[in-house]
Amino acid sequence: MDNILEVRNLTKRFHGLLAIDRVTFALERNQILGLIGPNGAGKTTLVSLVSGTLQPTEGSVLFEGKPIHRLAGFRRALLGIARTFQVMRPFPGLTVLDNVAVGALFGAAGSTRQLAAAREDANRWLHFVGLDHRVRQRADALGGPDRKRLELAKALAMRPKLLLLDEVMAGLNPVEIEEVITVIKKVRDQGISIVVIEHVMKAIQSLSDRLLVLHHGEKIAEGKPQEVLRNDQVIAAYLGSKRR
Amino acid sequence: MQLLWQILVNGVLLGGLYALMALGLVLVWGVLNIVNLAHGALIMLGAYVCYYFFTGLGWDPFAALPVAMSLLFCLGYLIQRWVLNLVIRAPMFNSLLVTFGLEVVITYLAQLLFSADFRTVNPSYAGANFSFFGATVPWVRVLAFGVALALTFALWLFLDHTRIGRAIRATAQNLVAARLYGVNPRQLYALTFGIGAALAGAAGALYGVVSQINPYIGAGLTGKSFAIAIIGGLEKSLYVLVGGLFLGVVEALTALYIGPTYTDVVSFGILVLVLIVRPTGLLGRTA
Amino acid sequence: MKPALKFIFAALVVGGFATVPSWGSAVLVQFGINALILATLAQSWNIIGGYTGYPSFGNSVFYGLGGYGVAIALVQYQLPSAVGLILGVVLAVLFAFLLGLPVLRLRGHYFAIATLGLTEVMTAIVSNLDIAGRNVGLILPLAKGDTLFLELSLALLVVTTLAVAWISRSRFGFGLIAIRENEVAAAVMGVNTTLYKILAFALCAVFSALAGGIHAYWITYLDPGSAFDVSLNVRMIIMAVFGGPGTIFGPALGAFALAAISEILASKITSLASIFFGVVIVVAIIFMPRGVADLAQNFRRFGWRYFQENIKAHRV
Ligand SMILES: Nc1ncnc2c1ncn2[C@@H]1O[C@H](COP(=O)(O)OP(=O)(O)O)[C@@H](O)[C@H]1O
Ligand SMILES: [Mg+2]
């Protein structure tokens, strides 16, 4: 087995609150892992621990077999980890093109270090996610769905080996969701391993090779999508959260 | 030992005044998220109001204090209403620069109007003092200390026990919270800044009684107020009081044991250190 | 304006300054030196404040250390002034590395105030150093004529501006801009934010220290109050912000404009010039917070509405 990512006993505490509680899982190379769970379950926190936006309280994260949980975020980016932000973080004053060019300039080792080449690269990725018509606009002029696409293009331009997508489909209409699903599948076909956080069940079912369910920071289920979604605990967690 | 005791008493008395100086700055910073670089200049104006009422009209400086507060309140209200309200939603750096511009305007207008000469407010009882367990304590300093404490207490009462006060505190959490209390945010901001300025005016009036004044004292006083705000954090007026006393005592001890020219090294050094180690203030809660 | 046109214009300005000694009065030459030094300071502040988004109030420390480098080398050790300039730069860069590390972790108000505090600390420390002449200061040996200083400060401004031009189109500069626009996102995308911020701070230090060194050598007198003057720091910020922070020519332009206007006013009443300066700050931040450069770009499109829109965007 060739695991690109291994998470062992990962724990994150915010003051009193256990946001992630001894979570263990692995992601095989070139697979898509769906990460689901009710709001506040700890999904975003988990992504932040892997990408280096947050440091874990305990436990370890291994990327291609090497521990990375003590590395600064930018070093993980160089190794080949890219993420999107649920609360989008564009560079507001830069053009859409330059937003993506930053990814190409700084991303994983092996991406370009020349500004002109980075902009060319950025153009290609913007085309890939369907944002070509917006390249010259300032990022803060984009609407919600376009910002989601921009987040995706920025991450892709980093040429990652592992892509962490935090709710890139939230707020999109069904047609747009189909488009994004196609894009994600194409990305996987290029050999990139992916973790997807999503609430749209149909999307997550059609994308994921495996599913992992978080609830109150704990892993309550993991496995093939159909099996996991039949699991009583999972259903209870979701219904419980809906009733609240 | 005798000297140390005297120094400590001086430090505490000065610290009370320091706390009052910082109180208005902390209020405005905590509630409006405006770092008011003109705060010291407002203190300076308060001192001049007191000076002119004392020399021109022969008023007792402590009687002139309410006048200074009222005038400064009006000035502060107008500044917020017609200048700072226009930049309150801009990046913090913009309002910082605007308050610096105000500081420059106020300082040099003062220089033009009042001249750059040093002034003193010397009431007849300035020299009166008493002995406190062996330390010589001037009455004016005790009086100034008492007024500073009383105003700190009054602000606390106001913020905790009146509707407007609660609206101001809610604004610290959320800029438009004033609406929930049926208050127009524009007016509430102006009111808050006005109160901050009035406190600066009071501090200035007291400062004029215990020290010399000229138009340029503002910048240094802003710096001291910052140090206290950072030591005490932005949350409680009680903490500001502790911060003020702490700074007063530390400065007094520095002057005694290291040398009077080192007080600024120590007070600003503490400011920087606290910022680096605990940006939310020594007494504030952790981030 | 097209970039090519801008560079031609810049070349004309440089040429104009370079020839001032041959046609201008002594007063004009002196004004020129002052304006060039201020423009250099505004331009180097632009690197940390304009491009990186860290509003430093500590740049006057670099300026002061540059001045003291020259003064100490000349007065205490009778070394050549070039050695003094280098000494000043080394001191300033050391300061940038040692204190940049902890201070650049702070954001917003806290960064601004910490750097302000550092300036005060440095003033107070230097006032107690024998080697720096304590609070009396140092008197430097009289140097050669003003022409030399005009050429020196002009060369320094050109080099600083070239550095900024390079930053604006390099990978390094893109990293700085990314930090300014969103530091968390920049780090996740692979920018070594700590290193980049410190390098930007150190680059500021080099140019500001050189400006301070040249100025001290020219004025032949230095004391802690004038060397670490906080209001000088604010002046450079205002000039940069007025001209257009994060642009190549804006800060220098802003410096020339504001220096000229306050020079004219100061010839009437000194405090009037300062009051004018204060009013300009307030009015400019309210009506054109992104500086003249942005105004020039957008005024044609929006007309007078440009000012209204700026106010509407930020008032309560
Ligand atoms: N920076 C933080 N500080 C304190 N608590 C946090 C922070 N980030 C997240 N939390 C808390 O951790 C829990 C998990 O949040 P999150 O990971 O965002 O959940 P999800 O993405 O699954 O909705 C929530 O209770 C949230 O309030
Ligand atoms: Mg989330």
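General observations
- Answer residue from the stretch C:171-192, given it is at the interface with chain A (Cβ under 7 Å from one of its Cβ atoms) and not hydrophobic (A, V, I, L, M, F, W, C) and is surrounded by the fewest Cβ atoms within 10 Å (Cβ to Cβ) among those: C:Arg171
- Of all residues in the stretch C:217-258 being closer than 13 Å to C:Val280 by Cα and more than 13 Å from the chain's Cα centre (by Cα), the one that is most open to solvent (accessible area, probe 1.4 Å): C:Ala257
- Test set (1) surrounded by fewer than 18 Cβ atoms within 10 Å (Cβ to Cβ); (2) at pLDDT below 95; (3) assigned to a helix (DSSP H, G or I); (4) of a type outside the set (Ser, Thr, Tyr) - B:Leu97 fails condition number: (1)
- Of all residues in the stretch A:23-80, those satisfying the criterion of being open to solvent by 10 Å² or more (accessible area, probe 1.4 Å), part of a loop (DSSP other than H, G, I, E, B) and under 17 Å from A:Pro160 (Cα atoms) are A:Arg29, A:Asn30, A:Gln31, A:Gly52, A:Thr53, A:Glu64, A:Gly65, A:Leu71, A:Ala72.
- Any pair with Cβ under 9 angstrom, 6 or more apart, that starts in the stretch C:115-127 at a residue that is more than 7 Å from chain B (Cβ to nearest Cβ) and within 12 Å of B:Val272 (Cβ to Cβ) and ends at one that is assigned to a helix (DSSP H, G or I) and hydroxyl-bearing (Ser, Thr, Tyr): C:Thr119/C:Ser60; C:Met122/C:Ser60
- Within the stretch C:90-115, the residues that satisfy the criterion of being open to solvent by less than 30 Å² (accessible area, probe 1.4 Å) and over 13 Å from C:Lys197 (Cβ atoms) are C:Ala92, C:Phe95, C:Gly108, C:His109, C:Ala112, C:Ile113, C:Ala114.
- Residues satisfying the stated conditions in the stretch A:1-30, i.e. more than 11 Å from A:Gly42 (Cα to Cα) and in contact (Cβ under 8 Å) with a residue 60 or more places away in the chain: A:Asn3, A:Ile4, A:Leu5, A:Arg22, A:Thr24, A:Phe25, A:Leu27, A:Glu28, A:Arg29, A:Asn30
This table checks each residue for (1) outside any helix (DSSP H, G or I); (2) free of Cβ contacts under 8 Å to residues at least 40 places away in the same chain; (3) more than 7 Å from chain C (Cβ to nearest Cβ).
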residue: B:Pro66; (1), (2), (3): no, yes, yes
residue: B:Leu71; (1), (2), (3): no, no, yes
residue: B:Ile106; (1), (2), (3): no, no, yes
residue: B:Ala116; (1), (2), (3): yes, no, yes
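- Test result for B:Tyr51, closer than 17 Å to B:Ala38 by Cβ, touching a residue at least 24 places away in the same chain (Cβ under 8 Å) and hydroxyl-bearing (Ser, Thr, Tyr): no
- Residues considered: B:Gly208, B:Gly244. Of these, the only one that is open to solvent by less than 40 Å² (accessible area, probe 1.4 Å) and touching a Cys at 6+ places or on another chain (Cβ under 6 Å) is B:Gly208.
- B:Leu75 vs. criteria assigned to a helix (DSSP H, G or I), modelled with pLDDT of 90 or more and more than 14 Å from chain C (Cβ to nearest Cβ): yes
- Residue in the stretch A:184-192 that is open to solvent by 40 Å² or more (accessible area, probe 1.4 Å) and within 16 Å of ligand 1 (Cβ to nearest atom) present: no
- Residue in the stretch A:11-22 that is more than 14 Å from every other protein chain (Cβ to nearest Cβ), among the small types (Gly, Ala, Ser) and within 16 Å of ligand 2 (Cβ to nearest atom) present: yes
- When restricted to residues that are within 16 Å of ligand 2 (Cβ to nearest atom), open to solvent by 10 Å² or more (accessible area, probe 1.4 Å) and either in contact with a Pro (Cβ under 8 Å, 6 or more places away or on another chain) or within 14 Å of another protein chain (Cβ to nearest Cβ) (or both), the stretch A:193-215 contains 1.
- Of all residues in the stretch A:203-226 being over 20 Å from A:Val183 (Cα atoms) and among the small types (Gly, Ala, Ser), the one that is nearest to ligand 1 (Cβ to nearest atom): A:Gly217
- Tabulated pairs, the stretch A:69-89, first without any contact (Cβ under 8 Å) to a residue 24 or more places away in the chain, second assigned to a loop (DSSP other than H, G, I, E, B) and within 16 Å of ligand 2 (Cβ to nearest atom), C-beta under 7 angstrom, 6+ apart or interchain: A:Gly73/A:Thr53
- Taking (1) open to solvent by 60 Å² or more (accessible area, probe 1.4 Å); (2) among the charged types (D, E, K, R); (3) more than 11 Å from A:Gly37 (Cβ to Cβ) in turn, A:Glu218 satisfies each apart from (3).
- Cβ-Cβ distances below 7 Å connect the following pairs, each with a first residue in the stretch B:162-179 that is closer than 19 Å to B:Ser237 by Cα, a second residue that is of a type in the set (Gly, Ala, Ser) and modelled with pLDDT of 85 or more, and a separation of six or more residues or different chains: B:Ala172/B:Gly30.
- Of all residues in the stretch A:38-54, those that are of a type in the set (Ser, Thr, Tyr) have Cβ atoms under 7 Å from Cβ atoms of residues that are within 8 Å of ligand 2 (Cβ to nearest atom) and open to solvent by less than 10 Å² (accessible area, probe 1.4 Å), 6 or more apart or on another chain, in A:Thr44/A:Asp166.
- Test for B:Val67: is it open to solvent by 20 Å² or more (accessible area, probe 1.4 Å) and of a type in the set (A, V, I, L, M, F, W, C): yes
- Hits in the stretch B:221-241 - residues which are open to solvent by less than 40 Å² (accessible area, probe 1.4 Å), at pLDDT 85 or above and not charged (D, E, K, R): B:Leu221, B:Thr222, B:Gly223, B:Ser225, B:Phe226, B:Ala227, B:Ile228, B:Ala229, B:Ile230, B:Ile231, B:Val240, B:Leu241
- Residue ranges of helices (runs of 4 or more DSSP H) in the stretch C:260-316 with at least 3 members modelled with pLDDT under 85 and within 25 Å of C:Val29 (Cα to Cα): C:270-287
- B:Ala178 meets the stated requirement of being surrounded by 22 or more Cβ atoms within 10 Å (Cβ to Cβ), within 12 Å of another protein chain (Cβ to nearest Cβ), more than 22 Å from the chain's Cα centre (by Cα) and assigned to a helix (DSSP H, G or I).
The values are calculated or read from the model by the stated rules, or taken from the named source; none is laboratory data. Note that the structure is predicted; figures quoted are calculated from it, not measured. Using ideal geometry, Cβ is built from the backbone for each residue, glycine included, and neighbour counts are taken over all protein chains shown. Ligands, DNA and RNA are stripped out before the accessible areas are found, and what is left, the full protein with its side chains, is counted by its heavy atoms. Shrake-Rupley method; radii C 1.70, N 1.55, O 1.52, S 1.80 Å.
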